[in-house]
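A.B. asks: Quick one: structure below, then a few questions.
Since every read-out is calculated from the coordinates, none of them should be taken as a lab result. On a predicted model such as this, the values are computed, not experimentally measured, just so you know. Counting neighbours? That spans all protein chains shown, and the Cβs are built from the backbone with ideal geometry, glycine included.
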Amino acid sequence: MVSQESCGELLLQLSSTDALIRTFKRELRPGGPRGGFALLAALHRCGGLRVGDLAELFEIDVSAASRQLADLEERGWAERVPNPQDRRSWHARLTPEGERVARERTARARDLLAEAIADWPEEDAAALADLLGRLRTSFDARRVRVPDHPSRTASGAKGL
């Protein structure tokens, strides 16, 4: 079992990652979307996604995801197309120009990170990536989701 002291140090280090993220955002921002690099990168990586899926992915409100997507659309980097499985809903996807911008920004982000950790052994970078992935998986597995509406039991009574 992990000690309280180790968890405290981990929390301190994780909180300092905010500064790293702000640095990335500053470096990637010129000419970039208000919604940031993350939405562009997610559409590049995943292809077509519903706005609700984007909101869930980033744990933001659907209206916030929709505004960020609208910014990408205004720039000509994204478009909404009918969902191939259900024509009543829409998918967001990158345009060819959006794909080009996503590739350029991803390469720039990779270069920034490579510069920052240039003196690290390859094994350390791989270990950090593995551990961060493991941490995210642990959080996702323990996340408590509160339903929007009270559930009903089989007898029709409201659940807790």
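A.B. asks: Based only on Cα atoms, what Rg/Rh ratio does the stretch 21-142 have, Rh being taken as Kirkwood's radius?
C.D. replies: Here Rg/Rh amounts to 1.01.
A.B. asks: Return the long-range amide H neighbours of W90 (sequence gap of 5 or more, or a different chain), with a cut-off of under 5 Å between placed amide H atoms.
C.D. replies: N83
A.B. asks: If you take the beta carbon distance between R45 and E115 as r and set R0 to 22 Å, what does 1/(1 + (r/R0)^6) give as a FRET efficiency, to the nearest 0.05?
C.D. replies: Computed FRET efficiency for R45 and E115 comes out at 0.45.
A.B. asks: Expected output is a single nm value to one decimal: the length gained when fully extending between T106 and E73, i.e. 0.36 nm times separation in residues minus the C-alpha distance. What is it?
C.D. replies: Answer, rounded to one decimal: 10.0 nm.
A.B. asks: Modelled label-to-label distance, V2 and D124, 7 Å Cα→beta-carbon offset: nm?
C.D. replies: 2.1
A.B. asks: Compare the Cα positions of L28, A92, A114 along the charge dipole of the stretch 21-142 (+1 at Cβ of Lys, Arg; -1 at Cβ of Asp, Glu; about the Cα centre) and return the one farthest towards the positive end.
C.D. replies: A92
A.B. asks: Taking 0.36 nm per intervening residue step and subtracting the Cα-Cα distance, what contour gain separates L12 from R136 on full extension?
C.D. replies: 43.0 nm
A.B. asks: Taking R0 as 35 Å, what FRET efficiency do you get between R143 and T95 from their Cβ-Cβ distance, rounded to the nearest 0.05?
C.D. replies: Rounded to the nearest 0.05, the efficiency is 0.55.
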